[in-house]
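Here the structure comes first, spelled out in structure tokens, and everything after it is commentary.
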């Protein structure tokens, strides 16, 4: 079973910052460049484990310290030195759709639409059916980005394909171009806007990002939760899945994790014969699948959700 | 036809009032439906900074939703007197508290402390007891074998003694998780409070110099809470930040990185055709001048 | 000029020709026609107003069928506009003399169709007010950018090709100011008062027209090829075809010639132009239309038979839907009515008489409209990954009344442009007709 991952990764880093601030007892620099914190300059005094009185920046009083606000250009560049990948283990999926509901909730996806779809797949008459969660593949040769006339959808250096909803003209060419049907369109007033105070809401749910929130008349899709990864945390679908189906990580770290278990990416892909969808199209996805062998659940256990959902 | 008066409200104000009352009632029912759960975590990071993390979620069926704007008071050992902090949960339903220097005397007085969470005058959590503990992480390497040594000490009767049977993760800090240094997911300390893990992650990519951030982490131990120790080691492979992939001029690049062949083709066609068109418009102007 | 009036052989004098061809006020039927078109346009405008307010949710389009009749209508407009280059440019370069009375018909169809093609593509946009982003952030890698550039170019070339041959006629119209209404005179003076008909002006104009005729052909090929690439540059079954550019162009020439045939018949009938648009013109256009239908049929066979032979998994579902499934009725209607029946009718001499040609022209145009629908929609209903986890209405597509209203409104708008054009300008070039008759008369007198 999976532990709840309630201690954010960035708690490691503030000790680093703290020791440096307290007199530079070592010269170690924070190796995770994206984890920069906006320091307030104000200090608070606190008691250490040993009962010493130490000082720390006020920014760390928040459960998740603020990360710097990014300009549109910085957001489009992405995080230097990162290359995000996802591994989806089909042997563990039983169509619970916790990923879907968490994603829909956090991104305020319009009712009826989904950024993650869990598809009941059966490749041929006599092959075994399986559940396949499908996200945006964040392709390295993204066909959707190729066709965008205004740079509204773009590929970042960390591999994430994003949409700038303040620029998108709503031509929907990217939707036609995507062979994975990953993209959805905001056909009507978005949930955020219709609930009022869109700006505030957007900041809460999608963090400090200046792009990738939903606007009527523009395209939306799975965005690998860039505000979460920038804070060193996992995308919502990854932490929402109780079966550890989704594993996320940085290819440059050669590691993927579902929060509870952490694997070396290259070994995992080798040992479990990982593959990508529609390799022949040359899109080079960033999402890898592990085949549904030695399954944790029978396919049928997921059917309940399927029938219940359609009513 | 005779109108059937089956509707009890003759005028609009009453109807509105009724609707309002019903909506209030259903709202209250909906609020009662879920169960509010408050959780407290104690974290000790590198034996220096310690803090408390409070989590507040609403459990409705199987769905957990964070609740924001919930106010709590946390006390050390005795409710009402030793106030640690007034907390209000944020949008993620979390709030964080440091132990203030004013409680130094209380903190130093005992090796075991109870944290009490109160909401208004009600004790929400009263049995959260933490024993002071320390964690250390050391590296050693000889003959090509690299070892990680982690040890946990706990305080008993104002003395630091080894803590046995403490389960932890030992490995490399990665995005969102710890990649175990050895083959096991978790390791447990022996009677001397120590454990040794052989580092078996060969050629693991590190930072630009090859540094790895090694971590030993005890997570939510029932005696000690969470303990984290970090250490940097040059045990990885240096990785370069390679943006060559991103800087290419391809069909999927931005408009600032359009492939040269495409620029050449497009502009030669555009200038060719529009040059001719401008020439033709000048011809029309010429015709106009001839007639003037 | 004066010797023109002394023409023999039953030919009509310059004054008679001018009298026959100058724009006529709308009659009662004309007024009804215009009113109906305006009402249709207004309904379309109201539907668009609703769409602007509510968003594209008022359409039947959803995440799978993300392009609907707006796009198929756009393709239809671009297709029919290609006829301008066929009749004006290709015929001119091939020295086809009988096409003179048809050039302006073709050119105004081209201009009005391309105008509404651009409008309908804006209607399809989720954020039309951000159109300026194409200038601000335009990206040359995208086929949409190519399409925008090439459509603008084609529009200007077509406009010039409409305008330059109009200049001598404007002089004739300016010469009979008393017969025109004041607002007409204003237009004629503004557009053509400078045309004196001097030899130098003619020389420049002739040269410019020649350049335009050469230039419009590659540009016309470009607009429809690029339009086909909006589909062919994706991976989708039914679109992922190297045949697409040629397939689209051949279809475009066919629907364009169908449109011209219909227009020829209507103008001939309504304005009594039997002496100018003769049975010979129908006869010749019939032969051309047969050829174009056969070419289009050929590309259709390529487009459907080759993938149907292999029946790749992704293609199979799409093709079965077309051949025998949900769209089969429309598919076979488009193939039979849009191509095969016209070919059989026009193969017979009797079939190339004006009235059968009018019917055939209508069949070609209507068949072509549905053919465009079949190119766009069924493909989108057959994505690579199965359609699941979506509301029921995401799995089907049928245009809503707003979509129909806007589409019909745009078609009405295009017809309205043509109608108003005919009211203001002579639909058959007066000057060229006079000159040609003159030349013919001279030819006859020389041979005598």
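In the range C:400-409, is there at least one residue being over 24 Å from the mean Cα position of the chain (by Cα), within 14 Å of chain A (Cβ to nearest Cβ) and surrounded by fewer than 22 Cβ atoms within 10 Å (Cβ to Cβ)? The answer is yes, given that some residue of the range C:400-409 is over 24 Å from the mean Cα position of the chain (by Cα), within 14 Å of chain A (Cβ to nearest Cβ) and surrounded by fewer than 22 Cβ atoms within 10 Å (Cβ to Cβ). Among the residues making up the range A:36-58, those that are surrounded by fewer than 19 Cβ atoms within 10 Å (Cβ to Cβ), outside any strand (DSSP E or B) and more than 10 Å from every other protein chain (Cβ to nearest Cβ) are A:36, A:38, A:39, A:40, A:41, A:42, A:58.
Would you confirm whether or not the range C:359-376 contains a residue that is modelled with pLDDT of 95 or more, part of a loop (DSSP other than H, G, I, E, B) and either crowded, with 22+ Cβ neighbours inside 10 Å or touching a helix residue (DSSP H, G or I) at 6+ places or on another chain (Cβ under 9 Å) (or both)? The answer is no, given that none of the residues of the range C:359-376 is modelled with pLDDT of 95 or more, part of a loop (DSSP other than H, G, I, E, B) and either crowded, with 22+ Cβ neighbours inside 10 Å or touching a helix residue (DSSP H, G or I) at 6+ places or on another chain (Cβ under 9 Å) (or both). So, of the residues in the range C:164-199 that are at the interface with chain B (Cβ under 10 Å from one of its Cβ atoms) and buried (at least 18 other Cβ atoms within 10 Å of the Cβ), which turns out to be farthest from the chain's Cα centre (by Cα)? Filtering the range C:164-199 for residues that are at the interface with chain B (Cβ under 10 Å from one of its Cβ atoms) and buried (at least 18 other Cβ atoms within 10 Å of the Cβ), the one farthest from the chain's Cα centre (by Cα) comes out as C:194.
Annotation: of all residues in the range B:181-204 being surrounded by fewer than 19 Cβ atoms within 10 Å (Cβ to Cβ) and within 11 Å of chain A (Cβ to nearest Cβ), the one that is nearest to residue A:256 (Cα to Cα) is B:185.
Number of residues in the range A:263-282 that are facing chain B (nearest Cβ under 10 Å), over 17 Å from residue A:90 (Cα atoms) and not in a helix (DSSP H, G or I): the value is 1.
Residue C:264 falls short on exactly one of the conditions (1) away from chain A (no Cβ under 14 Å); (2) over 14 Å from residue C:357 (Cβ atoms); (3) part of a helix (DSSP H, G or I), and that condition is (2).
The residues of the range C:366-399 that are over 28 Å from the mean Cα position of the chain (by Cα) and away from chain A (no Cβ under 14 Å) amount to a single one, C:396. Selection within the range C:221-261: residues that are free of Cβ contacts under 8 Å to residues at least 12 places away in the same chain and within 14 Å of chain A (Cβ to nearest Cβ). The member of this set that is surrounded by the fewest Cβ atoms within 10 Å (Cβ to Cβ) is C:240.
Checked against the criteria, residue B:97 does not count as modelled with pLDDT of 85 or more and out of contact with any strand residue (DSSP E or B) (no Cβ under 9 Å at 6 or more places or on another chain). Among the conditions (1) in contact with a strand residue (DSSP E or B) (Cβ under 8 Å, 6 or more places away or on another chain); (2) in contact (Cβ under 8 Å) with a residue 12 or more places away in the chain; (3) more than 23 Å from residue A:98 (Cβ to Cβ), residue B:55 misses just one, which is (3).
Just one of the listed residues (A:279, A:267, A:227, A:253) is without any contact (Cβ under 8 Å) to a residue 60 or more places away in the chain and in contact with a helix residue (DSSP H, G or I) (Cβ under 6 Å, 6 or more places away or on another chain), namely A:227.
Surrounded by fewer than 16 Cβ atoms within 10 Å (Cβ to Cβ) and either more than 17 Å from residue A:60 (Cα to Cα) or modelled with pLDDT under 85 (or both) - does that describe any residue in the range B:38-46?
no
Taking the criterion of being more than 7 Å from every other protein chain (Cβ to nearest Cβ) and over 19 Å from residue A:85 (Cβ atoms), the residues of the range A:144-155 that qualify are A:152, A:153. Looking at the structure I just gave you, is residue A:244 within 14 Å of chain B (Cβ to nearest Cβ), in a loop (DSSP other than H, G, I, E, B) and either in contact with a strand residue (DSSP E or B) (Cβ under 8 Å, 6 or more places away or on another chain) or at pLDDT 95 or above (or both)? Yes: the conditions hold for residue A:244. For the range B:65-103, taking the residues that are farther than 15 Å from residue A:62 by Cβ, free of Cβ contacts under 8 Å to residues at least 24 places away in the same chain and surrounded by 15 or more Cβ atoms within 10 Å (Cβ to Cβ), the one that is farthest from the other protein chains (Cβ to nearest Cβ) is identified as B:83.
Here's the yes/no breakdown for (1) farther than 22 Å from residue C:125 by Cβ; (2) at pLDDT 95 or above; (3) assigned to a helix (DSSP H, G or I); (4) in contact with a helix residue (DSSP H, G or I) (Cβ under 6 Å, 6 or more places away or on another chain):
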{"position": "C:387", "(1), (2), (3), (4)": "yes, no, no, no"}
{"position": "C:390", "(1), (2), (3), (4)": "yes, no, no, no"}
{"position": "C:403", "(1), (2), (3), (4)": "no, yes, yes, yes"}
{"position": "C:411", "(1), (2), (3), (4)": "no, yes, yes, no"}
{"position": "C:416", "(1), (2), (3), (4)": "yes, yes, yes, yes"}
{"position": "C:437", "(1), (2), (3), (4)": "yes, no, yes, no"}
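Of everything listed in (1) touching a strand residue (DSSP E or B) at 6+ places or on another chain (Cβ under 6 Å); (2) free of Cβ contacts under 8 Å to residues at least 24 places away in the same chain, the single unmet condition for residue B:222 is (1).
Just so you know, in the range C:104-145 the residues that are in contact (Cβ under 8 Å) with a residue 40 or more places away in the chain and at the interface with chain A (Cβ under 9 Å from one of its Cβ atoms) include one that is farthest from residue C:59 (Cα to Cα), and it is C:143. Within the range A:67-121, being within 11 Å of another protein chain (Cβ to nearest Cβ) and in a strand (DSSP E or B) holds for A:84, A:85, A:117, A:118, A:119, A:120, A:121.
A quick yes/no check of all residues on (1) modelled with pLDDT under 90; (2) over 22 Å from residue A:287 (Cα atoms):
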| position | (1), (2) |
| --- | --- |
| A:181 | no, no |
| A:184 | no, no |
| A:192 | yes, yes |
| A:200 | yes, yes |
| A:206 | yes, no |
| A:210 | yes, yes |
| A:216 | no, yes |
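The values are calculated or read from the model by the stated rules, or taken from the named source; none is laboratory data. All figures in this text were calculated on a predicted structure; none of them were measured in a lab. No Cβ is skipped: glycine too gets one built from the backbone with ideal geometry, and neighbour counts run over all protein chains shown.
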